[in-house]
Amino acid sequence: MPAMLRTFGWALFACLVAGALPSAAVSAADNRRVLEALYAQHPNALLWSRAGTATAQARALLAVLQSASDYGLSPADYGAAGLARQLAALSVRPDTTLADWSHFDHELTDAALSLVEQLHAGRIDPHAAGFDMPARTEAFDAAAVVQQLASRTDTSAVLAAAEPGYLHYRLLRQSLARYRALAAAPDLPALPPLPRRSVKPGESYAGAPQLRARLAAVGDLPAQEAARTDPALDEGLVTALKRFQYLHGLAEDGALGGSTLAALKVPLAQRVRQIELTLERWRWVPRLRPPTLIVNIPAFRLFLIRSTVDTEADMLRMNVIVGRQYPQLHTPVFTADMTAVLFRPYWDVPPSIVRHELLAELRRDPRYLASHDMELVAIEASESTAALGATPENLQALAAGELRLRQRPGPDNALGLIKFVLPNPYDVYLHSTPAQRLFAEPRRAFSHGCIRVSDPVALAAAVMGGTAGDWTPEKIRAAMEGDLTFQVKLAQPVHVLILYATAVATEDGAVHFFDDIYGQDRRLETLLGLKPVATRPLDHQ
C-alpha cells in the first residue's frame with residue numbers, strides 16, 4: 001500500500017474503531033487486525049473502486065447493507081446511509097482524490113467485516129445474555145469472505161455461506177420478509193372485548209368479522225372467508241382459531257378466551273421483533289454434531305436430530321416440562337453431552353429445595369419421610385447405605401448440609417423411572433416424571449429447572465441405539481419397571497443444546513410464536529440497544 005494511502009487509511013480506521021458498537025461480538029482490536037491483514041494483501045489497490053469508479057461489487061454490497069433488515073439486522077449499525085451518501089458524492093464530483101476513495105474504501109470494508117462477522121456469530125457474546133454457549137470452534141475467515149464480496153458477483157450467495165447452515169435458521173429468515181410486510185400493511189380492525197370469559201364454538205361474538213379479517217391476514221383462514229359477517233364462531237372460524245392456537249402454543253379448543261384474544265392482539269411488529277431476536281440467538285448456536293438433542297424452552301418441546309440436516313422428518317419430537325418462571329428456577333441455556341441413561345434413579349433433593357420447601361414439613365410431620373419414600377443419608381452414602389432417622393439432631397445436620405435427603409426409586413419418584421445423564425455445572429438433566437397429566441397443559445413451566453420428558457421410552461430407545469445390550473423399547477420399559485438401579489453408558493454421546501427461541505419457522509411454511517416466559521427477549525433487546533416495538537392503538541382495545 002502506498003505510504004500516503006496507508007497512513008491516511010490507518011488514521012481513519014483508528015477513528016472508525018473508536019466508535020465501534022459496544023455490543024459487537026468481535027472487538028474493535030480484532031477487527032483492526034483483520035482489516036490490516038486484508039489490505040496488506042492488496043498493497044497497490046483499493047478493494048471497491050477502479051480508476052475512480054465504484055465497482056459493481058461495491059454497489060451490490062452497499063445495497064445489502066441498506067437492506068440489512070432482511071437479515072434481522074439494522075442498516076444503521078453499518079453506517080449504510082452515510083456510505084450511500086459518500087458514494088453518491090464521489091460519483092458526481094469531478095475533483096475526487098485517492099484519499100477520498102480510500103476513505104470510502106476503508107469504511108465499506110469495515111462495514112463488510114462487521115456484517116460478515118455478525119451474520120456468522122451474532123452481534124453480542126451470548127454470555128452477556130446469560131446463555132452458556134461455547135466459543136465457535138469451526139474455522140471462519142471473515143477477511144476471506146470480504147475478499148469474495150469484493151471480487152465475485154454473487155453477493156447473496158457469499159453472505160449465505162457465512163450464515164448458520166441450519167435449515168430452520170433459513171426458514172425463519174425467509175419468514176421475516178412476510179411478517180415485515182404484514183406489519184407494514186394497513187391497520188386491521190380492532191377486536192372488541194369479550195362479552196364473557198370465553199366465547200365457545202357456535203356462540204356469537206360481535207367481533208367475529210374483525211376476527212376473520214385478522215386470521216385471514218396471517219394465513220390461518222382462507223381469504224374468501226374474510227368477508228363473512230356472520231357473528232357466530234362457525235366451523236370455519238373455529239378451525240382457523242385452532243390453527244392460530246396451535247401456532248401460538250395455546251390450548252387448541254377453538255374457543256375465544258382471554259389468552260387467545262391477548263395473542264391475537266400482539267402487534268405484528270412485535271412478531272417481527274421475535275423473529276429478529278431468535279435469528280440472533282441462532283447465530284450463537286454451535287455446529288450440529290449428530291445425534292443432537294435440542295430443547296426449546298419457550299416452546300416446551302424437544303427435538304432429537306439424527307443427521308447433519310435438521311429436517312423435521314428425521315426428528316424425534318415430544319413435549320417437555322421446563323423450569324418455572326421464578327428466576328432461581330429457570331432452566332438455563334447451555335450445551336452438554338448426554339453420556340448415560342440411569343434406570344430407576346434415586347432423587348437427591350437439591351439443598352435449596354430442602355431448605356426452602358421440605359425442612360418445615362419434615363419438622364412438622366415425623367411421617368413425612370415414609371409417606372414420600374424419602375430417607376436421610378450421609379453425604380457420601382451409596383445406594384446400600386442404611387437410612388438415618390428424622391431426629392431433631394439429624395434434621396439440624398440436614399439443614400447445615402452435613403446430611404442429604406434422597407427419594408428412593410419407584411413410580412412416585414420425582415425423577416420418574418429413568419434419568420438421562422448429561423454432566424453440567426447446573427446439575428440439570430432430563431428425566432421422566434410420575435406427573436404425566438402436566439404434559440396436557442399448553443404452558444409447561446413447572447419444574448425446578450430440570451427437564452421432564454413426555455415419552456422417556458422413545459427417547460431412551462433413540463439415544464441408546466448402538467449401545468451394547470439390544471435396548472429395544474420393551475427392554476427399556478422392563479428395566480424401568482424392574483427392581484434394580486443401574487446405569488448404562490451410551491455408545492455414542494448425544495450433543496444436547498438447551499436453547500431459547502420465541503419464534504420457530506417450520507417446513508410447511510408456518511411460523512410458531514411462543515411467550516417470552518423468562519423475559520429473555522426483553523433482555524436481548526436491551527443488550528442490542530433496541531427500542532421497544534411501537535404499539536398501535538388497536539392493540540390496546
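The values are calculated or read from the model by the stated rules, or taken from the named source; none is laboratory data. Please read all numbers here as calculations on a predicted model, not as lab measurements. Because the Cβ atoms are built from the backbone with ideal geometry, glycine has one as well, and the counts that use them run over all protein chains shown.
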All-but-one check, A313 against (1) surrounded by 20 or more Cβ atoms within 10 Å (Cβ to Cβ); (2) at pLDDT below 95, failing number (1)
Apart from one, (1) closer than 22 Å to V494 by Cβ; (2) at pLDDT 95 or above all hold for D427; the odd one out is (2)
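Conditions tested, residue by residue: (1) under 30 Å from E235 (Cβ atoms); (2) in contact with a Pro (Cβ under 6 Å, 6 or more places away or on another chain); (3) not assigned by TED's automatic domain parsing to the domain that holds L62.
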{"position": "L108", "(1), (2), (3)": "no, no, no"}
{"position": "P126", "(1), (2), (3)": "no, no, no"}
{"position": "A142", "(1), (2), (3)": "no, no, no"}
{"position": "Q174", "(1), (2), (3)": "no, no, yes"}
{"position": "A184", "(1), (2), (3)": "no, no, yes"}
{"position": "R196", "(1), (2), (3)": "yes, no, yes"}
Can we say R170 is outside the structural domain of V116 (by TED's automatic domain parsing) and without any contact (Cβ under 8 Å) to a residue 60 or more places away in the chain? yes
Of the listed residues (L369, L376), the one being in contact with a strand residue (DSSP E or B) (Cβ under 8 Å, 6 or more places away or on another chain), buried (at least 16 other Cβ atoms within 10 Å of the Cβ), of a type in the set (A, V, I, L, M) and not in a strand (DSSP E or B) is L369
When every residue in the stretch 147-194 that is polar (S, T, N, Q) and under 30 Å from T55 (Cβ atoms) is compared, the one farthest from the chain's Cα centre (by Cα) is S151
In the stretch 284-328, anything of a type in the set (D, E, K, R) and within 18 Å of D508 (Cβ to Cβ) is listed as R301, D310, E312, D314, R317
Counting only helices (runs of 4 or more DSSP H) entirely within the stretch 188-307, those with at least 2 residues that are in contact with a strand residue (DSSP E or B) (Cβ under 6 Å, 6 or more places away or on another chain), among the polar types (S, T, N, Q) and crowded, with 16+ Cβ neighbours inside 10 Å are 268-282
Quick count over the stretch 448-502, residues being in contact with an Asp or Glu (Cβ under 7 Å, 6 or more places away or on another chain) and either in the same structural domain as M133 (by TED's automatic domain parsing) or over 16 Å from A340 (Cα atoms) (or both), is 1
Notebook entry, point to check: Is one or more of the residues making up the stretch 510-521 in contact (Cβ under 8 Å) with a residue 40 or more places away in the chain, polar (S, T, N, Q) and assigned to a helix (DSSP H, G or I)?
Noted result: yes
*Do the conditions hold for Q41, that is, is it under 17 Å from S114 (Cα atoms) and of a type outside the set (A, V, I, L, M, F, W, C)?*
no
Residues in the stretch 418-450 that are within 14 Å of R324 (Cα to Cα), in a loop (DSSP other than H, G, I, E, B) and among the small types (G, A, S) total 1
Margin query: Can you say whether L221 is touching a Leu at 6+ places or on another chain (Cβ under 6 Å), at pLDDT 95 or above, under 20 Å from A269 (Cβ atoms) and not charged (D, E, K, R), as far as the supplied structure shows?
Written below: no
Hey, does the stretch 474-492 have a residue that's crowded, with 21+ Cβ neighbours inside 10 Å, more than 29 Å from G410 (Cβ to Cβ) and modelled with pLDDT of 95 or more? no
Of V463, V496, V504, the only residue that is of a type in the set (A, V, I, L, M) and touching a helix residue (DSSP H, G or I) at 6+ places or on another chain (Cβ under 9 Å) is V504
Taking the stretch 509-536 and keeping residues exposed (fewer than 14 other Cβ atoms within 10 Å of the Cβ) and either in contact with a strand residue (DSSP E or B) (Cβ under 7 Å, 6 or more places away or on another chain) or of a type in the set (G, A, S) (or both) leaves G509, G519, G529, A534
